[in-house]
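These notes are about the structure you will find just below.
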Amino acid sequence: MIHIVLYEPEIPQNTGNIARTCAAAGATLHLVRPFSFELSDRYLKRAGLDYFNMVRIVVHDDFEACRDDCPGLPMFFFTTKGARPYTSFVYSADAMLVFGKETRGLPEALLRKHPDRCARIPMLSGARSLNLSNSVAVALYEALRQNDFAGLQDTSGLSGRDEAASRWADYL
């Protein structure tokens with residue numbers, strides 16, 4: 001199972017969106033304190049919709065506690081300062097994908113300890129960063145793809161929206 005680690009998240013809506021993504025993907029969500037909202041925050045719950053019963057959330061008092069609670073699991077640090085694109089890494093099925101706070105990212109001291117595990121999502125020059133929940137989705141689904149989407153639904157059926165889809169086809 002892939003692990004998503006949010007280091008001191010600041011925006012409850014992002015965390016709620018990420019919880020929903022983790023629920024749909026079967027990933028565990030780790031939240032590293034301090035964060036600037038309560039877990040009972042209405043914006044967090046609204047963004048996560050009714051998916052909170054489907055996601056495992058683990059709260060850690062600090063990053064060291066997170067690392068200590070998950071000994072031996074490989075960690076990858078997502079940062080705009082990474083030298084390698086995220087697609088150049090091999091993610092095991094138990095990888096921990098670590099993301100920083102929305103306003104400042106991960107601490108440089110942490111990144112300096114793990115320069116060979118700093119992953120970057122390519123962007124145009126001048127773009128500071130992607131939204132945190134988008135970054136998590138990009139990285140998580142790459143890790144899942146590399147592991148053949150293990151445990152996820154691999155077939156699809158029509159949702160019953162055939163009529164609406166055929167109307168949209170008229171516009172294409």
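The values are calculated or read from the model by the stated rules, or taken from the named source; none is laboratory data. Quantities reported herein were computed from a predicted structural model and do not represent experimental measurements. Reconstructed Cβ throughout: ideal geometry from the backbone, glycine too, with neighbour counts over all protein chains shown.
List of remarks:
- Restricting the stretch 38-57 to residues that are in a loop (DSSP other than H, G, I, E, B) and modelled with pLDDT of 80 or more leaves a set whose member that is surrounded by the fewest Cβ atoms within 10 Å (Cβ to Cβ) is R56.
- Just one of (1) touching a residue at least 12 places away in the same chain (Cβ under 8 Å); (2) touching an Asp or Glu at 6+ places or on another chain (Cβ under 9 Å) fails for V55. It is (2).
- Verdict on D68 being in a helix (DSSP H, G or I) and either in contact with a Gly (Cβ under 9 Å, 6 or more places away or on another chain) or not β-branched (V, I, T) (or both): yes
- Looking only at the stretch 1-35, and only at residues there that are without any contact (Cβ under 8 Å) to a residue 40 or more places away in the chain and part of a strand (DSSP E or B), the one that is surrounded by the fewest Cβ atoms within 10 Å (Cβ to Cβ): T28
- Selection within the stretch 97-128 - under 16 Å from the mean Cα position of the chain (by Cα) and on the phi > 0 side of the Ramachandran plot: G105
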